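The values are calculated or read from the model by the stated rules, or taken from the named source; none is laboratory data. Everything numeric in this text was worked out from a predicted model, so none of it was measured. Note: ideal-geometry Cβ built from the backbone for every residue, glycine included; neighbour counts use all protein chains shown. Keep in mind that these areas ignore ligands, DNA and RNA; they rest on the heavy atoms of the full protein, side chains included. Shrake-Rupley method; radii C 1.70, N 1.55, O 1.52, S 1.80 Å.
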Amino acid sequence: MTLNELRYVVAVARERHFGRAAEACCVSQPTLSVAVKKLEEELGVSLFERGSGEVSITEIGAAVVARAQRVLEEAEGVLAVARSGRDPLVGPLRLGAIYTIGPYLLPRLVPALNRTAPSMPLMIEENFTAVLADRLKRAQLDVIVISLPFDEPGIQTLTLYDEAFVVLLPGGHPWTARPAIDPAALAGERVLLLGPGHCFRDQVLEICPQCANGGTAGIDGGLEGGSLETIRCMVASNVGITVLPMSAAREDRLGGQIVCARPFDGAAPTRRVALAWRKSFPRLGAVDAVAAAVRAANLGDGIAREPTGGPEQSQPGTG
(Lines give C-alpha, C1' and ligand atoms only; values in the text may rest on other atoms or scores of the structure.)
Protein backbone atom coordinates (compact mmCIF):
# COMPACT_ATOMS: atom_id res chain seq x y z
CA MET A 1 0.00 0.00 0.00
CA THR A 2 1.44 3.35 -1.05
CA LEU A 3 0.43 6.97 -0.63
CA ASN A 4 0.00 7.24 -4.39
CA GLU A 5 -2.48 4.36 -4.38
CA LEU A 6 -4.42 6.09 -1.61
CA ARG A 7 -4.39 9.34 -3.62
CA TYR A 8 -5.76 7.48 -6.61
CA VAL A 9 -8.68 5.86 -4.77
CA VAL A 10 -9.60 9.19 -3.15
CA ALA A 11 -9.54 10.83 -6.59
CA VAL A 12 -11.73 8.11 -8.13
CA ALA A 13 -14.20 8.43 -5.26
CA ARG A 14 -14.31 12.19 -5.77
CA GLU A 15 -14.56 12.19 -9.56
CA ARG A 16 -16.64 9.01 -9.97
CA HIS A 17 -14.68 8.43 -13.16
CA PHE A 18 -11.28 6.81 -13.75
CA GLY A 19 -10.34 9.11 -16.63
CA ARG A 20 -11.08 12.31 -14.73
CA ALA A 21 -9.36 10.94 -11.63
CA ALA A 22 -6.24 10.14 -13.67
CA GLU A 23 -6.26 13.63 -15.13
CA ALA A 24 -6.61 15.16 -11.65
CA CYS A 25 -3.66 13.07 -10.43
CA CYS A 26 -1.56 13.89 -13.54
CA VAL A 27 -1.08 10.24 -14.50
CA SER A 28 -2.34 8.07 -17.34
CA GLN A 29 -5.61 6.22 -16.87
CA PRO A 30 -3.96 2.76 -17.19
CA THR A 31 -1.45 3.69 -14.49
CA LEU A 32 -4.22 4.76 -12.13
CA SER A 33 -6.46 1.78 -12.94
CA VAL A 34 -3.65 -0.72 -12.34
CA ALA A 35 -2.74 0.91 -9.03
CA VAL A 36 -6.36 0.89 -7.79
CA LYS A 37 -6.78 -2.76 -8.83
CA LYS A 38 -3.53 -3.66 -7.05
CA LEU A 39 -4.77 -2.02 -3.84
CA GLU A 40 -8.12 -3.83 -4.09
CA GLU A 41 -6.30 -7.15 -4.48
CA GLU A 42 -4.08 -6.38 -1.50
CA LEU A 43 -7.07 -5.46 0.66
CA GLY A 44 -9.19 -8.33 -0.66
CA VAL A 45 -12.25 -6.13 -1.30
CA SER A 46 -13.76 -4.22 -4.21
CA LEU A 47 -13.67 -0.48 -3.58
CA PHE A 48 -15.61 0.51 -6.70
CA GLU A 49 -18.31 -0.81 -8.99
CA ARG A 50 -17.24 -0.17 -12.58
CA GLY A 51 -20.00 0.79 -15.00
CA SER A 52 -19.95 1.83 -18.64
CA GLY A 53 -20.50 5.45 -17.71
CA GLU A 54 -19.89 6.33 -14.07
CA VAL A 55 -18.06 4.60 -11.25
CA SER A 56 -19.88 4.04 -7.96
CA ILE A 57 -18.23 3.39 -4.62
CA THR A 58 -19.00 0.32 -2.54
CA GLU A 59 -19.94 0.51 1.12
CA ILE A 60 -16.54 -0.80 2.23
CA GLY A 61 -14.93 1.45 -0.37
CA ALA A 62 -16.46 4.53 1.25
CA ALA A 63 -14.98 3.52 4.60
CA VAL A 64 -11.56 2.90 3.05
CA VAL A 65 -11.62 6.21 1.18
CA ALA A 66 -12.48 8.07 4.40
CA ARG A 67 -9.47 6.50 6.12
CA ALA A 68 -7.28 7.12 3.09
CA GLN A 69 -8.20 10.80 3.14
CA ARG A 70 -7.12 11.06 6.77
CA VAL A 71 -3.85 9.25 6.01
CA LEU A 72 -3.10 11.65 3.17
CA GLU A 73 -3.84 14.63 5.41
CA GLU A 74 -1.47 13.28 8.04
CA ALA A 75 1.20 12.65 5.41
CA GLU A 76 0.82 16.20 4.17
CA GLY A 77 1.03 17.27 7.78
CA VAL A 78 4.41 15.56 8.12
CA LEU A 79 5.74 17.61 5.22
CA ALA A 80 4.14 20.79 6.53
CA VAL A 81 5.60 20.27 10.01
CA ALA A 82 9.04 19.89 8.47
CA ARG A 83 8.56 23.06 6.41
CA SER A 84 7.16 24.99 9.35
CA GLY A 85 10.11 23.88 11.44
CA ARG A 86 12.23 25.82 9.01
CA ASP A 87 9.85 28.75 8.48
CA PRO A 88 6.01 28.74 8.37
CA LEU A 89 6.16 31.66 5.92
CA VAL A 90 8.09 29.67 3.33
CA GLY A 91 6.18 27.72 0.71
CA PRO A 92 2.84 28.19 -1.09
CA LEU A 93 -0.32 28.81 0.91
CA ARG A 94 -3.63 27.65 -0.55
CA LEU A 95 -6.13 30.39 0.23
CA GLY A 96 -9.86 30.36 -0.45
CA ALA A 97 -12.32 33.26 -0.29
CA ILE A 98 -16.04 33.58 -0.91
CA TYR A 99 -17.13 35.48 -4.01
CA THR A 100 -18.35 38.56 -2.14
CA ILE A 101 -15.05 39.03 -0.29
CA GLY A 102 -12.32 37.94 -2.72
CA PRO A 103 -12.52 40.74 -5.33
CA TYR A 104 -12.27 43.46 -2.67
CA LEU A 105 -9.85 41.82 -0.23
CA LEU A 106 -7.31 40.19 -2.56
CA PRO A 107 -6.02 43.36 -4.27
CA ARG A 108 -5.04 44.59 -0.79
CA LEU A 109 -4.03 41.27 0.71
CA VAL A 110 -1.62 40.10 -2.00
CA PRO A 111 0.64 43.20 -1.98
CA ALA A 112 0.68 43.18 1.83
CA LEU A 113 1.78 39.54 1.98
CA ASN A 114 4.32 40.14 -0.78
CA ARG A 115 5.95 42.56 1.64
CA THR A 116 5.60 40.61 4.90
CA ALA A 117 5.89 37.04 3.56
CA PRO A 118 7.61 37.22 0.17
CA SER A 119 8.44 33.49 0.19
CA MET A 120 4.80 32.46 0.70
CA PRO A 121 2.99 32.74 -2.66
CA LEU A 122 -0.78 32.44 -2.51
CA MET A 123 -2.64 29.78 -4.48
CA ILE A 124 -6.08 31.42 -4.60
CA GLU A 125 -9.57 30.02 -5.15
CA GLU A 126 -12.91 31.86 -5.03
CA ASN A 127 -16.03 29.80 -4.45
CA PHE A 128 -19.19 29.33 -2.41
CA THR A 129 -18.85 28.77 1.33
CA ALA A 130 -19.98 25.14 1.10
CA VAL A 131 -17.40 24.32 -1.58
CA LEU A 132 -14.59 26.08 0.28
CA ALA A 133 -15.51 24.28 3.50
CA ASP A 134 -15.39 20.90 1.79
CA ARG A 135 -12.04 21.65 0.15
CA LEU A 136 -10.65 22.89 3.47
CA LYS A 137 -11.67 19.70 5.24
CA ARG A 138 -10.14 17.63 2.43
CA ALA A 139 -6.84 19.54 2.88
CA GLN A 140 -7.14 20.93 -0.65
CA LEU A 141 -7.08 24.43 0.85
CA ASP A 142 -5.10 25.64 3.86
CA VAL A 143 -7.10 28.68 5.01
CA ILE A 144 -10.34 30.27 3.84
CA VAL A 145 -11.94 33.67 4.33
CA ILE A 146 -15.65 33.32 4.97
CA SER A 147 -18.61 35.02 6.65
CA LEU A 148 -19.85 33.74 10.00
CA PRO A 149 -21.64 31.71 11.23
CA PHE A 150 -19.35 28.87 10.21
CA ASP A 151 -19.38 25.81 12.44
CA GLU A 152 -17.52 22.78 11.10
CA PRO A 153 -15.95 19.96 13.12
CA GLY A 154 -12.17 20.07 13.23
CA ILE A 155 -12.07 23.66 11.97
CA GLN A 156 -10.74 26.68 13.89
CA THR A 157 -12.01 30.19 13.13
CA LEU A 158 -10.71 33.65 13.92
CA THR A 159 -12.84 36.78 13.60
CA LEU A 160 -11.18 39.37 11.36
CA TYR A 161 -13.61 42.28 11.13
CA ASP A 162 -17.26 43.33 11.12
CA GLU A 163 -18.49 44.93 7.91
CA ALA A 164 -21.57 47.13 7.58
CA PHE A 165 -24.05 46.85 4.70
CA VAL A 166 -25.10 49.86 2.63
CA VAL A 167 -27.74 50.55 -0.01
CA LEU A 168 -26.56 51.20 -3.57
CA LEU A 169 -28.79 53.50 -5.62
CA PRO A 170 -28.89 54.72 -9.21
CA GLY A 171 -27.68 58.31 -9.49
CA GLY A 172 -31.16 59.68 -10.18
CA HIS A 173 -32.97 57.80 -7.40
CA PRO A 174 -34.98 60.01 -4.97
CA TRP A 175 -33.30 58.33 -2.00
CA THR A 176 -29.94 59.90 -2.91
CA ALA A 177 -31.16 63.01 -1.09
CA ARG A 178 -31.53 61.02 2.15
CA PRO A 179 -28.67 60.75 4.66
CA ALA A 180 -29.65 57.15 5.52
CA ILE A 181 -32.16 54.49 4.45
CA ASP A 182 -34.78 52.76 6.60
CA PRO A 183 -34.40 48.97 6.12
CA ALA A 184 -38.18 48.57 6.08
CA ALA A 185 -38.37 50.76 2.97
CA LEU A 186 -36.55 48.15 0.88
CA ALA A 187 -39.75 46.12 0.60
CA GLY A 188 -41.22 48.81 -1.65
CA GLU A 189 -38.32 48.80 -4.10
CA ARG A 190 -37.02 46.48 -6.79
CA VAL A 191 -34.02 44.98 -4.96
CA LEU A 192 -31.39 43.12 -6.98
CA LEU A 193 -29.94 40.02 -5.31
CA LEU A 194 -27.17 37.51 -5.84
CA GLY A 195 -28.30 34.06 -6.93
CA PRO A 196 -28.85 31.10 -4.57
CA GLY A 197 -25.72 29.69 -2.95
CA HIS A 198 -24.28 33.05 -1.93
CA CYS A 199 -24.36 33.56 1.84
CA PHE A 200 -24.59 37.33 1.27
CA ARG A 201 -27.93 36.79 -0.48
CA ASP A 202 -29.23 35.08 2.66
CA GLN A 203 -27.93 37.93 4.83
CA VAL A 204 -29.78 40.50 2.69
CA LEU A 205 -32.97 38.45 2.92
CA GLU A 206 -32.69 38.52 6.71
CA ILE A 207 -32.95 42.31 6.44
CA CYS A 208 -35.82 42.22 3.95
CA PRO A 209 -37.52 38.84 3.34
CA GLN A 210 -39.82 40.47 0.75
CA CYS A 211 -36.77 41.15 -1.40
CA ALA A 212 -36.80 37.50 -2.48
CA ASN A 213 -39.63 38.48 -4.82
CA GLY A 214 -38.09 41.77 -5.92
CA GLY A 215 -40.10 43.75 -3.37
CA THR A 216 -43.52 45.17 -4.18
CA ALA A 217 -42.00 46.88 -7.22
CA GLY A 218 -40.54 43.65 -8.61
CA ILE A 219 -41.49 42.24 -12.00
CA ASP A 220 -41.48 38.53 -12.82
CA GLY A 221 -40.20 37.75 -9.34
CA GLY A 222 -36.82 38.76 -7.96
CA LEU A 223 -33.96 39.90 -10.17
CA GLU A 224 -30.60 38.23 -9.62
CA GLY A 225 -26.98 38.67 -10.64
CA GLY A 226 -24.02 36.33 -10.66
CA SER A 227 -21.66 38.76 -8.93
CA LEU A 228 -21.78 42.00 -6.97
CA GLU A 229 -20.11 43.78 -9.89
CA THR A 230 -22.84 42.60 -12.29
CA ILE A 231 -25.46 43.85 -9.86
CA ARG A 232 -23.64 47.19 -9.52
CA CYS A 233 -23.87 47.61 -13.31
CA MET A 234 -27.60 46.81 -13.25
CA VAL A 235 -28.09 49.45 -10.56
CA ALA A 236 -26.17 51.92 -12.74
CA SER A 237 -28.56 51.02 -15.59
CA ASN A 238 -31.49 51.99 -13.34
CA VAL A 239 -32.87 48.44 -13.14
CA GLY A 240 -33.25 48.64 -9.37
CA ILE A 241 -31.34 49.12 -6.13
CA THR A 242 -29.25 46.69 -4.12
CA VAL A 243 -27.51 46.08 -0.80
CA LEU A 244 -23.72 45.78 -0.77
CA PRO A 245 -21.10 45.08 1.88
CA MET A 246 -18.99 48.14 2.64
CA SER A 247 -15.89 46.78 0.89
CA ALA A 248 -17.81 46.45 -2.38
CA ALA A 249 -19.55 49.82 -2.02
CA ARG A 250 -16.32 51.74 -1.61
CA GLU A 251 -14.96 50.37 -4.90
CA ASP A 252 -16.14 53.17 -7.21
CA ARG A 253 -15.69 51.57 -10.64
CA LEU A 254 -18.33 53.58 -12.45
CA GLY A 255 -17.17 57.17 -12.04
CA GLY A 256 -18.89 58.21 -8.79
CA GLN A 257 -21.98 59.92 -10.20
CA ILE A 258 -23.75 56.96 -11.82
CA VAL A 259 -24.41 55.14 -8.53
CA CYS A 260 -24.55 56.35 -4.95
CA ALA A 261 -24.21 54.44 -1.65
CA ARG A 262 -26.17 55.31 1.48
CA PRO A 263 -25.93 53.75 4.96
CA PHE A 264 -28.86 52.20 6.76
CA ASP A 265 -30.73 54.23 9.32
CA GLY A 266 -30.06 53.20 12.92
CA ALA A 267 -27.95 50.16 13.68
CA ALA A 268 -26.57 49.02 10.33
CA PRO A 269 -26.87 45.34 9.44
CA THR A 270 -23.42 43.77 9.30
CA ARG A 271 -21.59 40.58 8.52
CA ARG A 272 -18.71 39.15 10.52
CA VAL A 273 -15.77 38.01 8.38
CA ALA A 274 -13.46 35.31 9.68
CA LEU A 275 -10.49 33.15 8.78
CA ALA A 276 -10.90 29.37 9.04
CA TRP A 277 -8.31 26.57 9.01
CA ARG A 278 -8.01 22.98 10.13
CA LYS A 279 -7.05 22.57 13.77
CA SER A 280 -4.33 20.19 12.61
CA PHE A 281 -2.80 22.72 10.20
CA PRO A 282 0.78 23.22 11.48
CA ARG A 283 1.72 26.54 9.82
CA LEU A 284 0.11 28.80 12.40
CA GLY A 285 2.62 31.52 11.59
CA ALA A 286 1.15 31.63 8.08
CA VAL A 287 -2.37 31.94 9.53
CA ASP A 288 -1.20 34.82 11.74
CA ALA A 289 0.39 36.56 8.75
CA VAL A 290 -2.79 36.31 6.68
CA ALA A 291 -4.94 37.52 9.58
CA ALA A 292 -2.68 40.52 10.17
CA ALA A 293 -2.71 41.44 6.46
CA VAL A 294 -6.51 41.15 6.24
CA ARG A 295 -7.01 43.35 9.29
CA ALA A 296 -4.54 45.90 7.92
CA ALA A 297 -6.70 46.16 4.78
CA ASN A 298 -9.38 47.95 6.89
CA LEU A 299 -12.29 46.51 4.94
CA GLY A 300 -14.54 46.95 7.97
CA ASP A 301 -14.44 50.77 7.92
CA GLY A 302 -17.77 52.61 7.82
CA ILE A 303 -18.96 55.36 5.50
CA ALA A 304 -20.06 58.88 6.39
CA ARG A 305 -23.67 59.36 7.43
CA GLU A 306 -23.96 63.08 6.85
CA PRO A 307 -26.12 64.27 3.91
CA THR A 308 -24.27 64.71 0.64
CA GLY A 309 -26.98 66.47 -1.36
CA GLY A 310 -27.07 63.86 -4.12
CA PRO A 311 -24.74 61.66 -6.11
CA GLU A 312 -22.89 64.57 -7.71
CA GLN A 313 -21.19 65.17 -4.34
CA SER A 314 -20.36 61.56 -3.63
CA GLN A 315 -16.72 60.80 -3.01
CA PRO A 316 -14.69 57.63 -3.36
CA GLY A 317 -15.80 55.37 -0.54
CA THR A 318 -19.43 56.51 -0.72
CA GLY A 319 -20.39 55.77 -4.31
TODO: Please enumerate the residues belonging to the stretch 263-286 that are charged (D, E, K, R), open to solvent by 10 Å² or more (accessible area, probe 1.4 Å) and either under 18 Å from Gln203 (Cα atoms) or touching a Cys at 6+ places or on another chain (Cβ under 8 Å) (or both).
DONE: Asp265, Arg272
Open item on the list: Quick test for you: out of Thr58, Thr116, pick the one residue that is of a type outside the set (Phe, Trp, Tyr) and either touching a residue at least 40 places away in the same chain (Cβ under 8 Å) or closer than 19 Å to Ala297 by Cβ (or both).
Closed with: Thr116
- [ ] Taking Glu59 as the residue in question, decide whether it is over 16 Å from Glu5 (Cβ atoms) and of a type in the set (Asp, Glu).
- [x] yes
Open item on the list: Just to be sure I understand the filter: pairs with C-beta atoms under 8 Å, separated by 6 or more residues or on different chains, first member in the stretch 227-238 and aliphatic (A, V, I, L, M), second member assigned to a helix (DSSP H, G or I). Which pairs pass?
Closed with: Leu228/Pro103; Leu228/Phe200; Leu228/Ala248
Task: Subset of the stretch 160-203 [within 13 Å of Pro263 (Cα to Cα) and open to solvent by 40 Å² or more (accessible area, probe 1.4 Å)] - done: Ala177, Arg178, Pro179, Asp182
Open item on the list: Which of the strands (runs of 3 or more DSSP E) found entirely inside the stretch 76-151 contain at least 1 residues meeting this: at pLDDT 95 or above and crowded, with 20+ Cβ neighbours inside 10 Å?
Closed with: 93-98, 143-147
- [ ] Looking only at the stretch 47-70, decide whether some residue is open to solvent by less than 30 Å² (accessible area, probe 1.4 Å), part of a helix (DSSP H, G or I) and of a type in the set (A, V, I, L, M, F, W, C).
- [x] yes
TODO: Quick one: in the stretch 119-161, of everything that is small (Gly, Ala, Ser) and in contact with a Phe, Trp or Tyr (Cβ under 9 Å, 6 or more places away or on another chain), which residue is farthest from Asn298 (Cα to Cα)?
DONE: Ala139
TODO: Any chance you could count how many residues in the stretch 5-30 are open to solvent by less than 70 Å² (accessible area, probe 1.4 Å) and either of a type in the set (Gly, Ala, Ser) or under 22 Å from Ala75 (Cβ atoms) (or both)?
DONE: 16
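Assess whether Arg201 counts as being outside any strand (DSSP E or B), of a type outside the set (Gly, Ala, Ser) and at pLDDT below 90. Show your work before the answer.
Working: outside any strand (DSSP E or B): yes; of a type outside the set (Gly, Ala, Ser): yes; at pLDDT below 90: yes.
Considered against the rule, which asks whether it is outside any strand (DSSP E or B), of a type outside the set (Gly, Ala, Ser) and at pLDDT below 90, Arg201 comes out as yes.
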Task: Residue within the stretch 157-167 that is of a type in the set (A, V, I, L, M, F, W, C) and part of a loop (DSSP other than H, G, I, E, B) present - done: no
- [ ] Kindly list the number of the only condition in (1) touching a Leu at 6+ places or on another chain (Cβ under 9 Å); (2) of a type in the set (D, E, K, R); (3) over 18 Å from Ser280 (Cα atoms) that fails for Asp142.
- [x] (3)
